[in-house]
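Visitor: Encoded as structure tokens, here's the structure I'll be asking about.
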């Protein structure tokens, strides 16, 4: 029974870390988007 519980915790930690990395990438892209739009003369549709 302990092996199953360990596997569940390992999967939960892996999903949590993957979510953290995905959100970090999303937030950094959102923060830099307006500056890139100005530098590259992008429209709002192209920025999205």
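Visitor: If you average over every viewing direction, what projected area does the convex hull of the Cα atoms of the chain give, in nm²? Could you put the intermediate results ahead of the total?
Guide: On the way: hull surface 15.4 nm².
Result: 3.8 nm².
Visitor: Nearest 10 degrees, 0 to 90: what angle lies between the long axis of helix 2-40 and the longest principal axis of the chain (Cα atoms)?
Guide: Rounded to the nearest ten degrees, it is 0.
Values in this text are rule-based calculations from the coordinates and carry no lab data. In this text, all values refer to a predicted model and were calculated from it rather than measured experimentally.
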